[in-house]
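Heads up, the thing below is written out as structure tokens.
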Amino acid sequence: MSITDIESGLLRLRLLDEGQSRHLAPATVADVMQAQILHCPPETPVSEAAEMMSRSVCSSILVMDLGQVVGIWTERDALRIDLTNPDGFNQPVARVMSTPVKTVRPEDRLDEVAQRFGRDRVRHYLVADDHHRPLGVLTQTDVVMNQGLEYYLRLRSIDTVIGQPPLFTDPNGSIGEAVVEMRELGRSAVVCDFGGEYGILTERDVVRLVARRQTHARIADHVSRPLLCVNSDTSLYRTRVLLQERGVRHVGVLDPNGILIGLIGLSDILTGVEQLYIDELKSALEDREKALKISARNLRLAERVIANSLEGVMITDPSGRIESVNPAFTILTGYDADEVIGKSPTVLSSGRHDQNFYRKMWEALLHQGHWHGEVWNRRKNGEIYPELLTITTITDENGELTHYAALFRDITELKQNEEQIKHLAYYDPLTGLPNRRLFNDRLNMALAHAHRAKGKLAVVFIDLDRFKRINDSLGHAMGDQVLLHASRQIQLCLEEDDTLARLGGDEFVAVISNLEGSDQAMHLARHITEQLRRPFTIEGQEMAITASVGVSLYPDDGDDYGALMKNADTAMYRAKELGRNAYQLYNPEMNATTQRHLSLEVAMLTALDEWQFQLYVQPLVEADGTLYGGEVLLRWEHPTLGMLPPADFIPLAEETGLIIELSDRVMREVCALSRRLQEGGTPRLLSFNISPRQFHAEDFASKVQQAIEQGGCRPELLLVELTESLLIDDALTTLRQLNQLHALGVGLALDDFGTGYSSLSYLKRFRLQVLKIDRAFVRDIHISERDLALGRAIIDMAHSLGMKVVAEGVELAAQRDALYNAGCRRYQGFYYARPMPQEAFVTLVQSGARLPVVG
């Protein structure tokens, strides 16, 4: 009996003592079945049925006729499709389905049903009630994941269920040939060898190909790679966990040389262990019955435990002479038994421990009967290694000492892991720089030194600008490379005694000791920003980054860790507010700005809950004075600060993420105002601005639709205003969102044209109905021939693209007249009306008044 047998016996007892209730009340089919039924009629084309399965990530589809299940089409059945014949995809599923469908009842015990899979040679059961009504589907996967095999699976390695070797196929062969092989040999998958890396083609992949009606496909183009692989000694429990975590159904089994020797799926686990598990459980019950009768076998069992133990065992007589050792002793020390028997254990001494160490060891053995601790010993080859050692005194029935027993194991790997954990506790795993914890210690030490020496030091806070864009667009792997580059560039700017740390994300901080004054700190900050913005190349891609740097000085800006870090952080954010790619030394006025931002952030949460915001509307006017609509603007009626314009709180809302909630509410308010105008018989166009963060949200279009439906307004009376930068950023997302808004019937306007990129390409690519000329072009249009020419060109271009033009910032009659002569017929500005509360706007609209007319 091996050590595994002993552990197995002990585990059986635990099964009985701790898990008996579980086996007395086993799980039923109803507990784990899939209640949602995927089904189709018999005449459904095979490709359509396959598409339904792929979309629902199901391994089967029931074929139902007049409410009755007439068959089932599974991933295994997909192998019967001839992928070289396109007509095969059009055949009705009834022609290739499996029938009749094997059924189980919801109250059937799961462990009993598990055994039926092998007998019935199926992987799916229809779950039906006594009236044959379908309730769900039960798969082998459901059983393996839920049957409660954990105890047994931990005891068995994956090599116990390996059956046939994996079926290899040429990656350059056709899918059709592979499917024929799988069908004829009864395999659920084939494997391709890509020079040491393996790929896999499964029945599920075949279903996808059928769904796509794909013929004559090359195997290499559709395999999943790399194949998830484990070593042959991996436990079945760990294998099952891996399959579940990775969302796959096959795992490759590698021998010690890394050669693929098996391919195991969830069905193989169930088929291979189910009956063995039942036998094991029966054996556990029998062992418990015999537990009181095996005392006579304890000695032989102990001998075998010692012989098969992975721990080294050494037995000595009372004088300390070695009497016996086990095989593990030889493996760990290098000494054969005949080389040490009769000798003293000092043959293993490393010389690292003094006499006091051994004196305390023998005192513990004498007074307590045992000793446990770490020692350093020497192998036969001279290598010194750490081991965890337990020495126990053994006495006879009279209490007389007869032997000493020592058990030990090599803890070299454990020591290495401890060192690695210690390193991870104080250093950043990506850059190898000190982390926040170690930086805290280093800064406090530097402060203590500066205090004693009456010197100065600086804390430099460095934040990479727009680093999130790199991660989002190029991936986290590229982002990591950029962080490594940044850490190296910053270190080039520092002296040997300085400390650079990575706090997390794209934030770095440095402590500069032996500082002579603020000029030196400013020079260093400038040097860092210049060093970082130099172009560099990663994996053939040329890149450039910038950083915002904040500096606080000791003792001028604080005399402890918290104050210096806080003030350096405040200075860094001030650098960002100045446009990024900048550096700032801290000054006390920054705290006032920070405090105001913090108070506004807190107040904004209350403002959203209590809706302290008001809609203001600035009229949109036609040349004849008709008020045809208005642009909706937002004001915050702050309880103490009064009415705040958008510039005071919109950037803060963007920064904190509250802009989404705020914008969603504004959309609902706009729709409600639109409906009110409609019901009053005076419908008008209402335009409103959208933040980039809101626009790029996946559910933006659905939120617009929801606001329209809840508000009960007409979508054609809504105009969404977009900026040029928003359109250019992530063009694919922009195009998708614009198409969805078009489908809703909502109008789209390009706001502030001329202040951004002014690219004609996106005017051509994106369908926009309105172009709004920025006030910068309107300001001098009545006195500047150049501005007039630019304005006329913009108006002509927009008209030629079928777009209406609105001029913003019209404040003078002369500006209006110049715009009119240039072809613009719609205006917005103080000449007509300032933004007004929505109530005043409604009154103005309902009065039917006309605003100043072009004379």
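Annotations
- Check on Phe830, aromatic (Phe, Trp, Tyr), at negative phi and part of a helix (DSSP H, G or I): no
- Helices (runs of 4 or more DSSP H) wholly inside segment 1-85 that include at least 2 residues being touching a Cys at 6+ places or on another chain (Cβ under 6 Å), modelled with pLDDT under 90 and open to solvent by 50 Å² or more (accessible area, probe 1.4 Å): none
- Inter-residue pairs, beta-carbon under 7 Å, first buried (at least 16 other Cβ atoms within 10 Å of the Cβ) and in segment 543-558, second of a type in the set (Ser, Thr, Tyr) and assigned to a loop (DSSP other than H, G, I, E, B), 6+ apart: Gly550/Tyr586; Val551/Tyr586; Ser552/Tyr586; Asp557/Tyr586
- Residue in segment 620-636 that is open to solvent by 50 Å² or more (accessible area, probe 1.4 Å), of a type in the set (S, T, N, Q) and farther than 28 Å from Ala571 by Cα present: no
- For Asn514, the conditions (1) buried (at least 21 other Cβ atoms within 10 Å of the Cβ); (2) in a strand (DSSP E or B); (3) modelled with pLDDT under 90 all hold with the exception of (1).
- On inspection, Gly163 does not qualify as surrounded by fewer than 21 Cβ atoms within 10 Å (Cβ to Cβ), in contact with a Cys (Cβ under 7 Å, 6 or more places away or on another chain) and over 20 Å from Ile81 (Cα atoms).
- Scanning segment 571-582 for residues that are in contact with a Ser or Thr (Cβ under 6 Å, 6 or more places away or on another chain) and crowded, with 22+ Cβ neighbours inside 10 Å turns up Met572, Ala575.
- Residue in segment 323-330 that is more than 23 Å from Leu401 (Cα to Cα), among the small types (Gly, Ala, Ser) and out of contact with any Cys (no Cβ under 7 Å at 6 or more places or on another chain) present: yes
- Segment 652-701, residues that are touching a residue at least 60 places away in the same chain (Cβ under 8 Å) and open to solvent by less than 50 Å² (accessible area, probe 1.4 Å): Leu673, Leu677, Gly680, Thr682, Leu685, Leu686, Ser687
- Among the residues of segment 236-263, those identified as in contact with a helix residue (DSSP H, G or I) (Cβ under 7 Å, 6 or more places away or on another chain), open to solvent by less than 30 Å² (accessible area, probe 1.4 Å) and not in a helix (DSSP H, G or I) are Val251, Val253.
- Listed by first and then second residue, the pairs with beta-carbon distance under 6 Å, at least 6 apart or on different chains, first residue in segment 80-92 and without any contact (Cβ under 8 Å) to a residue 60 or more places away in the chain, second open to solvent by 40 Å² or more (accessible area, probe 1.4 Å) and in a loop (DSSP other than H, G, I, E, B), are Gly88/Asp82; Pro92/Glu43.
- Every pair of residues 6+ apart whose Cβ atoms lie under 8 Å, when the first sits in segment 771-796 and is over 14 Å from Tyr820 (Cα atoms) while the second is among the polar types (S, T, N, Q) and open to solvent by 60 Å² or more (accessible area, probe 1.4 Å): Asp774/Thr755; Ala776/Thr755
- Boolean, Ala818 is of a type in the set (Gly, Ala, Ser), more than 30 Å from Glu637 (Cβ to Cβ), surrounded by 20 or more Cβ atoms within 10 Å (Cβ to Cβ) and modelled with pLDDT of 95 or more: yes
- Candidate set from segment 331-385 (those that are more than 52 Å from the chain's Cα centre (by Cα) and of a type in the set (Phe, Trp, Tyr)); member that is nearest to Leu401 (Cα to Cα): Trp362
- Test: residue in segment 451-459 that is under 18 Å from Leu524 (Cβ atoms) and β-branched (Val, Ile, Thr): yes
- For beta carbons closer than 9 Å, sequence separation of 6+ or different chains, a first residue in segment 373-387 that is of a type in the set (A, V, I, L, M) and a second that is loosely packed, with under 13 Cβ neighbours inside 10 Å, the qualifying pairs are Val375/Arg352; Val375/Phe357; Ile384/Gly351; Ile384/Arg352.
- Arg775 in contact with an Asp or Glu (Cβ under 8 Å, 6 or more places away or on another chain), surrounded by fewer than 16 Cβ atoms within 10 Å (Cβ to Cβ) and modelled with pLDDT under 95: no
- Residue that is nearest to the chain's Cα centre (by Cα), among those in segment 527-542 that are surrounded by fewer than 13 Cβ atoms within 10 Å (Cβ to Cβ) and under 16 Å from Arg469 (Cβ atoms): Gln541
- All positions within segment 176-192 that are under 33 Å from the mean Cα position of the chain (by Cα) and modelled with pLDDT under 90: Ser188
- Residues (open to solvent by 90 Å² or more (accessible area, probe 1.4 Å) and under 14 Å from Glu387 (Cα atoms)) located in segment 344-359: Arg352
- Note on segment 633-663: residues that are farther than 16 Å from Phe695 by Cβ and among the charged types (D, E, K, R) total 4.
The values are calculated or read from the model by the stated rules, or taken from the named source; none is laboratory data. These numbers come from a predicted model, not from an experiment. Cβ: placed from backbone, ideal geometry, glycine included. Neighbour counts: every protein chain shown. We work out accessible area using only protein heavy atoms, side chains counted, and drop any ligands, DNA or RNA first. Shrake-Rupley method; radii C 1.70, N 1.55, O 1.52, S 1.80 Å.
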